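Notes follow once the structure below has been shown.
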Amino acid sequence: MTDPRIPGTRIGWIGTGVMGRWMCQHLMAAGCTATVHNRTREKAVPLLDLGAAWADSPAAAARNAEVVFTMVGFPQDVRDVYLGPEGLATLVRPGQILVDMTTTQPRLAKEIHAATAARGAQAVDAPVSGGDVGARNARLSIMVGGEDAAVRQVRPLLAAMGPTIVHQGPPGAGQHTKMCNQIVIAGTMIGVCEALVYGHRAGLDLEVVLESIAGGAAGCWALTNLAPRMLKRNFDPGFFVAHFIKDMGIALEEARQMELCLPGLALVHQLYLAVQANGGGRLGTQALLLALEQLSRVTVGPAAGK
């Protein structure tokens, strides 16, 4: 890179959706010059307005970049961007670094690393946790897999997106860690939703309930950030149901290969599939509440007992 302190570093950014837009924006604010690509150009307009250059393809976004970041949707999207015709890993230059921040399959991260290394370059898997709020506020937790030298080089750039950057190990280790993260979130989300359904049926003022339990042992990110959205019937996406289903599916498949039984994750996965089957795939993950409401025939509100 031009300078480990960021200013002047040329980056390519592919995927400017709910989170990617903000992540790239933080790098631009730190002094990077960015060339961006997204399947829907309109989603890149905020970055273009700030001075980013537009590229008509992932390959074009990467052409003059020192570091290329991707934040796309599904494993097939990652495979297409990196390993398809005109894929990044097949065109990468010696010394260039590719950083995939999408949550995807650990084995795919390893495959990308091998293809990239064969051309004298490096690939890093760096999935994140923190949702739209963390992306917007540069408060993401970043789980990194890759070779030590490549991780050291990109760490200053990652620091522009979040304060918690932990090198988990070799290629794929970042993705495995993200699976651990998603397993915890799955269990937490069903707990939050069941608590709200219970409190509603008990006639409690749920805003008052949250005031009490969010500061105790039950306190967690979902309770603080997503439960208030649920009470307002705000199911706008910070992270799409469809993407979380994808993540849980990856974790379940990895668990199957490791001969692990994860019944809690399997249950939550099924409930999210129900949300998607009822048209909620593009809602935020807090829409799990809708499945629990349907099972108990309730509609949760903030002050059921008033």
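The values are calculated or read from the model by the stated rules, or taken from the named source; none is laboratory data. Just so it is clear, the structure is predicted and the values come from calculations on it, not from any experiment. All Cβ positions, even for glycine, are placed from backbone atoms using ideal geometry, and neighbour counts span all protein chains on display.
What the table below lists for this structure:
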read-out	value
Flag for THR116 being outside any strand (DSSP E or B), closer than 23 Å to ILE185 by Cα and β-branched (Val, Ile, Thr)	no
Conditions (1) closer than 16 Å to LEU290 by Cα; (2) touching a helix residue (DSSP H, G or I) at 6+ places or on another chain (Cβ under 6 Å); number of the one not met by TYR198	(2)
ALA126 being more than 15 Å from ALA30 (Cβ to Cβ) and among the hydrophobic types (A, V, I, L, M, F, W, C)	yes
Test set (1) basic (Lys, Arg); (2) over 19 Å from the mean Cα position of the chain (by Cα); (3) at pLDDT 95 or above - ARG5 fails condition number	(3)
All positions within the stretch 76-98 that are under 19 Å from ASP247 (Cβ atoms) and not hydroxyl-bearing (Ser, Thr, Tyr)	GLN76, ASP77, VAL78, ARG79, ASP80, VAL81
Subset of the stretch 121-148 that is among the charged types (D, E, K, R) and without any contact (Cβ under 8 Å) to a residue 60 or more places away in the chain - its residue that is farthest from LEU91 (Cα to Cα)	ARG139
Subset of the stretch 193-207 (residues that are in contact (Cβ under 8 Å) with a residue 40 or more places away in the chain and not in a loop (DSSP other than H, G, I, E, B))	CYS193, GLU194, LEU196, VAL197, GLY199, HIS200, ARG201, ASP205, LEU206, GLU207
Conditions (1) in contact (Cβ under 8 Å) with a residue 40 or more places away in the chain; (2) more than 14 Å from the chain's Cα centre (by Cα): number failed by VAL151	(1)
Enumerated helices (runs of 4 or more DSSP H) restricted to the stretch 223-306, each holding at least 2 residues that are on the phi < 0 side of the Ramachandran plot and among the basic types (Lys, Arg)	241-257
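Quick grid of which residues meet (1) closer than 16 Å to THR188 by Cβ; (2) without any contact (Cβ under 8 Å) to a residue 24 or more places away in the chain; (3) aromatic (Phe, Trp, Tyr); (4) touching a Phe, Trp or Tyr at 6+ places or on another chain (Cβ under 9 Å):
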position: MET248; (1), (2), (3), (4): yes, no, no, yes
position: LEU252; (1), (2), (3), (4): no, yes, no, no
position: ARG256; (1), (2), (3), (4): no, yes, no, no
position: LEU267; (1), (2), (3), (4): yes, no, no, no
position: LEU288; (1), (2), (3), (4): yes, no, no, yes
position: VAL298; (1), (2), (3), (4): no, no, no, no
